[in-house]
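Visitor: After the structure tokens below, expect a handful of questions from me.
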Amino acid sequence: MSIEALKDALPDYAKDLKLNLSTLAGEETVAAPLRAMLFVASALAVRQADVRDALLAEFGPQLSPEQVGAAKIAVAMMGMNNIYYRFTHLVEAPEYATMPAKLRMTAMARPGIPAAEFEVLSLAVSAINGCGMCMASHEKAVRKHGIEPAVIQAAVRIAAVVHATAVTLDAEAGAGAAPALSQAA
């Protein structure tokens, strides 16, 4: 399974997604290892088996075990933090914002990759999970690390296209219109 199989599984009306996957796979604004980590983290975050399997097969071999582990840490920690902090941000009870989270997050302190790269992964996963407070926090941290806005934008574009691919494949599977990648490949 590969990114080509993933693109082949998309219906004709999703031609833009096919083109965006191709373009972003070679996006030169983002260094190759970070780009691969973004695809892996996004694939894990969208929780769609065909997308996960295809993008791990495509980008996983380009990464060290530490880099794959960091992508997994970003997905796990943002899976928890995005829910918690979205709650504290959206409810209309200000005392929650002043209370300590009391959630263990030590994996984020030593993810096995540079802090700037981990912040970019966390930003992309937070975008997928829809936590505005977390996106703002990670975007601010990424900028403090000197990451250029074009890299930040590309990271979120990768997350957006991977998410849209997963949504489209799930919609087609629900309509009985798309074969599973394992059948299409």
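What follows is calculated from the coordinates using simple rules that are stated; it is not laboratory data. Computed from a predicted structure; not experimentally measured. Methodologically, a virtual Cβ is constructed for each residue, glycine included, from the backbone with ideal geometry; neighbour enumeration extends over all protein chains shown.
Visitor: Considering only the stretch 52-75, how many residues are farther than 25 Å from K7 by Cβ and without any contact (Cβ under 8 Å) to a residue 24 or more places away in the chain?
Guide: Of the residues in that region, 2 qualify.
Visitor: Quick check on S122: is it under 12 Å from the mean Cα position of the chain (by Cα) and part of a helix (DSSP H, G or I)?
Guide: Yes, satisfied.
Visitor: Within the set of pairs 6 or more residues apart or between chains, which connect a residue that is in contact (Cβ under 8 Å) with a residue 60 or more places away in the chain and closer than 16 Å to L56 by Cα inside the stretch 1-15 to a residue that is surrounded by 15 or more Cβ atoms within 10 Å (Cβ to Cβ) and among the polar types (S, T, N, Q) with Cβ atoms less than 7 Å apart?
Guide: Taking only residues 6 or more apart or on different chains, the pairs are L6/T165.
Visitor: Among the residues of the stretch 28-59 satisfying the criterion of being under 13 Å from R157 (Cβ atoms) and either hydrophobic (A, V, I, L, M, F, W, C) or crowded, with 21+ Cβ neighbours inside 10 Å (or both), which is nearest to the chain's Cα centre (by Cα)?
Guide: Filtering first and then ranking leaves S42.
Visitor: Would you mind telling me which numbered condition in (1) in a helix (DSSP H, G or I); (2) surrounded by fewer than 19 Cβ atoms within 10 Å (Cβ to Cβ) H138 fails?
Guide: (2)
Visitor: While we're on this one: In the set A155, A160, A164, which member is in contact with a helix residue (DSSP H, G or I) (Cβ under 9 Å, 6 or more places away or on another chain), within 17 Å of N20 (Cβ to Cβ) and buried (at least 20 other Cβ atoms within 10 Å of the Cβ)?
Guide: Of A155, A160, A164, the one residue that is in contact with a helix residue (DSSP H, G or I) (Cβ under 9 Å, 6 or more places away or on another chain), within 17 Å of N20 (Cβ to Cβ) and buried (at least 20 other Cβ atoms within 10 Å of the Cβ) is A155.
Visitor: Same structure, new question: Name the single residue, out of those in the stretch 1-27 being more than 17 Å from the chain's Cα centre (by Cα) and part of a loop (DSSP other than H, G, I, E, B), that is farthest from V161 (Cα to Cα).
Guide: M1
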